[in-house]
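Presented below is the structure to which this report refers.
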Amino acid sequence: MEPRKDMAEKDVASIAAASSATAEKIHSLLSASDVGTLKHQQLLILGRLQDSNAVLSHFNDFSDRSFTAVANDFSQNTRLLKSMKSDLDYVFRKIGSLKARIQKHYPDAFKDAVPDCRPDLDLPK
């Protein structure tokens, strides 16, 4: 067990030496004024991000309250639209059956009519 502990201590020492050498190289590349400028820019960006976060939090709260206020209206209107669609489907089926009955009894009645080229929206694509 001792050899592993000795190896671990050597690894830690070599990593620490490499880290300090890298830090010294980077420190020699940057001037103190550049570092100060970077810190200042980072603080400005942090402030802007915090402001944006606060604005988004307020907007989320507002959106939640607004949705709660209109959710009932949306569900009622959805039910109304579904009911209207079923009523219109019934009317169109009745019109189709009446057209077929008229076509059967009076075949010449629709010979000059323009054919219906509208797509059938109930068919899957």
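Between the Cα long axis of helix 2-29 and the first principal axis of the chain there is an angle of about 80°, rounded to the nearest 10. Every helix of 4 or more DSSP H residues in the chain counts as -39500 (n - 2.57), and over all residues that averages to -30500 deg cm²/dmol at 222 nm.
When each of 12, 114 is scored by the number of other beta-carbon atoms lying within 10 Å, the sequence from fewest to most is 114, 12. All other residues whose Cβ lies under 14 angstrom from that of residue 96 are scored, Lys and Arg at +1 and Asp and Glu at -1, for a net of +2. Under a Gaussian network description of the chain, with springs only between Cα atoms under 10 Å, the residue in 74, 110, 92 that fluctuates furthest is 110. Computed from backbone phi with θ = phi - 60° and the Karplus coefficients 6.51, -1.76 and 1.60, the 3J(HN,Hα) list for the stretch 90-102 is 4, 4, 5, 5, 5, 4, x, 5, 5, 4, 5, 5, 5 Hz; x is used for glycine and proline. Extent of the chain along its three principal axes (Cα atoms, max minus min coordinate, largest first): 103, 42, 36 Å. In plain terms, the chain from residue 91 to residue 17 could stretch by 18.1 nm, reckoned as 0.36 nm per residue minus the Cα-Cα distance. Counting lysine pairs in the chain whose alpha carbons fall under 24 angstrom apart, excluding pairs fewer than 8 residues apart on the same chain, gives 10.
Placing +1 at every Lys and Arg Cβ and -1 at every Asp and Glu Cβ, with all other atoms neutral, what dipole size does the chain have around its Cα centre, in debye to the nearest 20?
Numbers: 18 positive and 17 negative charges, 186 e Å.
The calculated dipole for the chain is roughly 900 debye.
Between residue 80 and residue 37, what FRET efficiency follows from the Cβ-Cβ distance if R0 is 41 Å, with the result rounded to 0.05? Working from the Cβ atoms, E equals 0.10.
Laboratory data are not the source of any read-out in this text; all were calculated from the coordinates shown. Since the model is a prediction, treat every value here as computed from it, not as a measurement. In this analysis, Cβ positions are derived from the backbone assuming ideal geometry, glycine residues included, and neighbour counts consider all displayed protein chains.
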